[in-house]
Amino acid sequence: IDLLARVIRNFDVVAVQGIQSRDQTFVPHFLSLINNDGSQYEYELGPRVGRNTNKQQFAFFFDKQTVEIDRQATYTVADPHDRILYEPLVALFRARTLNSESAFTFKLVNVHLDPVNASEELSTLHDVYSVVLSDVDQEDDVLLLGNFSADTNRLSDWGHSLGIQPTLQHNTAGSVAVPYTDNLCLHKRATREYNGKTGSVDIVRVFNLTSGEAAIISDHFPVWAEFSPVEGGRPSR
C-alpha cells in the first residue's frame with residue numbers, strides 16, 4: 001500500500017474500487033500514508049455494497065489543495081431492482097482556481113462491474129448515466145471511471161448511442177500482461193475540458209518490480225486522464 005500511496009500523490013483525484021477490509025481504520029491509515037510526505041489529501045468513502053459476503057466499498061481520494069468536493073452531492077446510486085452487483089458511488093468536484101466562478105466542475109461515477117454479468121451491467125450504466133445527468137445540480141460533465149470488466153471495443157460500442165467514449169482507446173499496459181478492463185469514459189462534446197492526454201501507470205517499470213511483486217500489489221494498472229481546471233477548457237477573459 002506504500003507504493004499505491006506514492007501513485008496517488010501524482011494525481012488530483014483518484015477513484016478506488018474493491019476496498020474489502022472490514023477494519024474501519026484501514027482507509028484513514030492509508031490516507032496517513034499518502035500524506036506522510038506533507039501532502040494534503042482527503043477522502044470520501046461510500047457504504048459497503050454487493051451481495052451476501054461479496055461486498056466492497058468505493059472511495060475517492062483527492063488533493064484538497066487543487067480540488068474540492070461537495071459532500072452534500074455525494075451518493076450511492078439506488079438500485080431497487082438489483083440490476084448491478086456494486087452500486088456506483090457518485091461525487092461532485094470542483095477545481096480550485098484563482099477564479100472559482102470559472103473553475104471546472106465535474107461529477108465522477110465510480111464503477112466496478114461484475115465480470116460474470118458485464119454485458120447486462122453495461123446496459124444498466126445507460127440508466128445510471130441518465131440519472132446522474134438529471135441530478136438537481138444539472139452538471140453536464142459526468143465521467144464514468146473504474147473497472148468496467150470490458151475492453152475498449154465493447155466500451156466504445158456501449159457508449160456510442162450516448163455519445164460517450166472511453167479515453168483509453170488501446171491497451172496501454174506495459175511490461176506485464178494485466179486484465180485491461182479499466183477506463184475513463186466521458187462525453188467529449190460536453191466535457192471539452194478533457195485535453196486528450198490519457199494513459200496508465202506501469203507500476204512494474206515505475207517501481208522496478210518483478211511481475212510477481214506487481215501481482216501482489218494489484219492485477220490492474222492505474223489509468224488516468226488529464227483535464228483543464230477551467231470550465232470549458234479555456235481561460236476566462
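The values are calculated or read from the model by the stated rules, or taken from the named source; none is laboratory data. Keep in mind that what you see is a predicted model, and the values were worked out from it rather than measured. Every residue, glycine among them, receives a Cβ derived from its backbone with ideal geometry; neighbour counts consider all protein chains shown. With ligands, DNA and RNA removed, areas are computed over all heavy atoms of the protein, side chains included. Shrake-Rupley method; radii C 1.70, N 1.55, O 1.52, S 1.80 Å.
Take the residues of segment 29-44 that are more than 12 Å from ALA5 (Cα to Cα) and not in a strand (DSSP E or B): which is most open to solvent (accessible area, probe 1.4 Å)? Working first, answer last.
Taking segment 29-44 as the starting set, the residues that turn out to be more than 12 Å from ALA5 (Cα to Cα) are 38, 40, 42-44.
If we keep only those that are not in a strand (DSSP E or B) as well, we get 38, 40.
On the way: GLY38: 57, GLN40: 76 Å².
Selected residue: GLN40.
Show the residue pairs that are 6+ apart or on different chains and have beta-carbon atoms under 8 Å apart, the first residue being within segment 120-146 and aromatic (Phe, Trp, Tyr), the second being modelled with pLDDT under 95 and surrounded by fewer than 20 Cβ atoms within 10 Å (Cβ to Cβ).
TYR129/LEU162
Are any of the residues in segment 5-18 surrounded by 14 or more Cβ atoms within 10 Å (Cβ to Cβ), more than 27 Å from PRO229 (Cβ to Cβ) and touching a residue at least 40 places away in the same chain (Cβ under 8 Å)?
The answer is yes; a qualifying residue exists.
On the given criteria, is ALA73 under 17 Å from the mean Cα position of the chain (by Cα), of a type in the set (Gly, Ala, Ser) and crowded, with 21+ Cβ neighbours inside 10 Å?
Answer is no for this residue.
Across segment 45-68, what is the total count of residues that are at positive phi and open to solvent by 60 Å² or more (accessible area, probe 1.4 Å)?
Total meeting the criteria: 1.
Determine which single condition GLN57 fails, assuming it passes every other condition in (1) more than 30 Å from GLU213 (Cβ to Cβ); (2) part of a strand (DSSP E or B).
In the conditions (1) more than 30 Å from GLU213 (Cβ to Cβ); (2) part of a strand (DSSP E or B), GLN57 misses (1) alone.
State which residue is nearest to GLU193 (Cα to Cα) when the search covers only segment 60-82 and only residues that are hydrophobic (A, V, I, L, M, F, W, C) and assigned to a loop (DSSP other than H, G, I, E, B).
Ranking the qualifying residues of segment 60-82, first place goes to VAL77.
Hey, can you tell me all the residues within segment 218-232 that are among the hydroxyl-bearing types (Ser, Thr, Tyr) and under 16 Å from ARG94 (Cα atoms)?
Matches in segment 218-232: SER228 only.
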